[in-house]
Amino acid sequence: MPIILDNVSHIYGEDTAMAVRALDKISLVIPDGQFIGLIGHTGSGKSTLVQHLNGLMKATSGAVYFNGEDIDSEGFDKKKLRSKVGLVFQYPEHQLFETDVFSDVCFGPKNLGLSKKEIELRAYAALKLVGMEDDYFYQSPFELSGGQKRRVAIAGVLAMKPEVLILDEPTAGLDPKGRDEILDQIAKLKRETGITVILVSHSMDDVAKYVDRIIVMNKGRVMYDDEPREVFRQYQELEAIGLAAPQVTYIMKELRDHGFDVSDDVTTIEEAKQEIIAYFKER
Amino acid sequence: MGIIKVRDLVYEYIRRDEEGNVEGITTAVDDVDLDIEQGDFVAILGHNGSGKSTLAKHLNAILYPAEGTVWVDGKDTNEEKYVWDIRQTAGMVFQNPDNQIIGQIVEEDVGFGPENMGVPTEEIWERVEESLKAVGMYSYRKFSPNKLSGGQKQRVSIAGVIAMHPKCIVLDEPTAMLDPKGRKEVIRAVRALNDVEKITVILITHYMEEVIYADKVYVMDQGKIALQGTPKEVFSQVEQLKELRLDVPQVTLLAYELEKEGFAMPKGVLTNREFVEALDQCTR
């Protein structure tokens, strides 16, 4: 179900001396089944934006439509919205609280008023989706490693069967393998279930590798909204707002500067490798 | 003896159940030796739970060895009388800047450490000024910390440590919560401390790119040191690093991938410049 933002602004502390315009007339369409990367430096408005998508924050002006309905209209079921648009916060493992992994994942669907059987089926399926083995189900979540805890927390949101999954920096603080595991798992989930995924990230390399659309936020506005290749072509503008292109893009630019006739329109290691191999073949 | 010397260090966490009965013992650091010379830039890598942070906490006497000995500037951390000396010699910076800043104004926060040490007021202000200048935050000295970005806050935390005039600074994932710009700012400040002020730096991180300027890299796994060497030596071992749940910088990875395809690329390429030169050789 698509989400549409129409001219959404959000002002913190409106009508006070400390008023800050965190979102400035944002208009966006988020259709079904996209894998979107949301990037921007700290304070650019990313987190404020995602909290509008599931009605945790209310727009100061403008409107958010979920499946054609204004989410702030009277009688709109916000509880249902929040089960459809799942939001995984930063460091979600801080929100684990149950005595065992399985009960923790059951907590969300339990609050939806489903039957016990349905709740448990959903929890089981969600834990499988994030790649947790059965052996861990009855362990305390606090005995798991950082990466495992985070997967359990993501499973807790997936058990609500969201149609849109928003992850706010899901890999912060994880080691490189843990980072790859979580992102691979999310990509697989996206392929298998077709849900919309919005990934808030500070890693340009990760974003380039996984998503098919990038939204760049700056000072509460959408600065770019395009395919990764197109967005990263604007690397100088990105640098000016504290972001960058993926590292591999810079390697290709340096090669070009040294007279190698290779494309610098490259955003992943695999593309770079193919480009260099092709260049050497043609010589 | 170097600024830090560690011999046969073992540290165990005792796990207890709800009643407080011992459930088991986790050996977080297992027989580690370390020699760090004054002025070195040392990086410690390792996956989550490999024992890096536990090791780091021994370097300024937050934790004490279960077995073995840690000397900081020649002082044994097990001897209680040295605790305050050791903590002044080896300052520590943690991951989350918001947990480390207490002052209402940047310069007050930085002055907190030396004030507690009983430094005369006039000298405190001198130290605050030089510390903030060293991390490039002097122009923000009158700001409220909550008006700063993550990278700026983290640099204030670092200034707070260097105002205590340590010989050594231990940074435990100082950039994990920062955006790319904040990360760059912090690493630049840390490198300047090492280059200009000659402070010994021990940097724990998950970002491989931050390590390439280090003099020496230690890689931890299961509480032991699994690999050590210069960044070039360590990053030459792509497969071993992957087995240890780590990674190599992107440029190193690309060179490695090309080498597998039959290109004559050297091992452990660390910079774009090296990469271009190596590929240039391939065309001849």
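The values are calculated or read from the model by the stated rules, or taken from the named source; none is laboratory data. Note that the structure is predicted; figures quoted are calculated from it, not measured. With ideal geometry, Cβ positions are generated from the backbone for all residues, glycine too; neighbour counts draw on all protein chains shown.
I want to confirm something. Restricting to region A:190-217 and keeping residues that are within 14 Å of chain B (Cβ to nearest Cβ) and assigned to a strand (DSSP E or B), which single residue is farthest from A:Ile269 (Cα to Cα)?
The extreme case among them is A:Met217.
Those residues that are surrounded by fewer than 16 Cβ atoms within 10 Å (Cβ to Cβ) and under 26 Å from B:Ala226 (Cβ atoms), I need them from region B:65-106; list them, please.
Passing the criteria: B:Ala66, B:Glu67, B:Thr69.
Identify the residue in region B:70-108 that is more than 17 Å from the chain's Cα centre (by Cα) and among the basic types (Lys, Arg) and, among all such residues, is nearest to the other protein chains (Cβ to nearest Cβ).
Per the criteria, the residue is B:Lys75.
Hey, among B:Gly268, B:Gly229, which residue is more than 14 Å from chain A (Cβ to nearest Cβ), more than 23 Å from B:Phe94 (Cα to Cα) and surrounded by 19 or more Cβ atoms within 10 Å (Cβ to Cβ)?
B:Gly268
Identify the residue in region A:126-139 that is surrounded by fewer than 15 Cβ atoms within 10 Å (Cβ to Cβ) and in a helix (DSSP H, G or I) and, among all such residues, is farthest from the chain's Cα centre (by Cα).
A:Asp135
Output the helices (runs of 4 or more DSSP H) that fall wholly within region B:28-145 and possess 1 or more residues being touching a strand residue (DSSP E or B) at 6+ places or on another chain (Cβ under 7 Å) and among the charged types (D, E, K, R), or say none.
Ranges flagged: B:52-58, B:83-89.
Test of understanding: among B:Ala226, B:Ala214, B:Ala278, which residue is closer than 30 Å to B:Gln38 by Cβ and outside any loop (DSSP other than H, G, I, E, B)?
B:Ala226
Among the residues of region B:82-104, write down those that are β-branched (Val, Ile, Thr) and either modelled with pLDDT of 95 or more or under 16 Å from B:Ile169 (Cα atoms) (or both).
Of everything in region B:82-104, those that are β-branched (Val, Ile, Thr) and either modelled with pLDDT of 95 or more or under 16 Å from B:Ile169 (Cα atoms) (or both) turn out to be B:Val83, B:Ile86, B:Thr89, B:Val93.
Regarding region B:26-43, can at least one residue be identified that is within 17 Å of A:Gly173 (Cβ to Cβ) and either touching a Leu at 6+ places or on another chain (Cβ under 6 Å) or not aromatic (Phe, Trp, Tyr) (or both)?
No, region B:26-43 contains no residue that is within 17 Å of A:Gly173 (Cβ to Cβ) and either touching a Leu at 6+ places or on another chain (Cβ under 6 Å) or not aromatic (Phe, Trp, Tyr) (or both).
Of the residues A:Arg122, A:Arg150, which is part of a helix (DSSP H, G or I), crowded, with 22+ Cβ neighbours inside 10 Å and within 12 Å of chain B (Cβ to nearest Cβ)?
Selected residue: A:Arg150, the only one of A:Arg122, A:Arg150 that is part of a helix (DSSP H, G or I), crowded, with 22+ Cβ neighbours inside 10 Å and within 12 Å of chain B (Cβ to nearest Cβ).
Going by what's in this entry, would B:Arg245 be described as touching a Lys or Arg at 6+ places or on another chain (Cβ under 8 Å), at pLDDT below 95 and either under 23 Å from A:Ile269 (Cβ atoms) or assigned to a strand (DSSP E or B) (or both)?
Against the criterion (touching a Lys or Arg at 6+ places or on another chain (Cβ under 8 Å), at pLDDT below 95 and either under 23 Å from A:Ile269 (Cβ atoms) or assigned to a strand (DSSP E or B) (or both)), B:Arg245 qualifies.
Looking at region B:209-223, which of its residues are within 13 Å of B:Leu45 (Cβ to Cβ) and more than 16 Å from the chain's Cα centre (by Cα)?
B:Asp221
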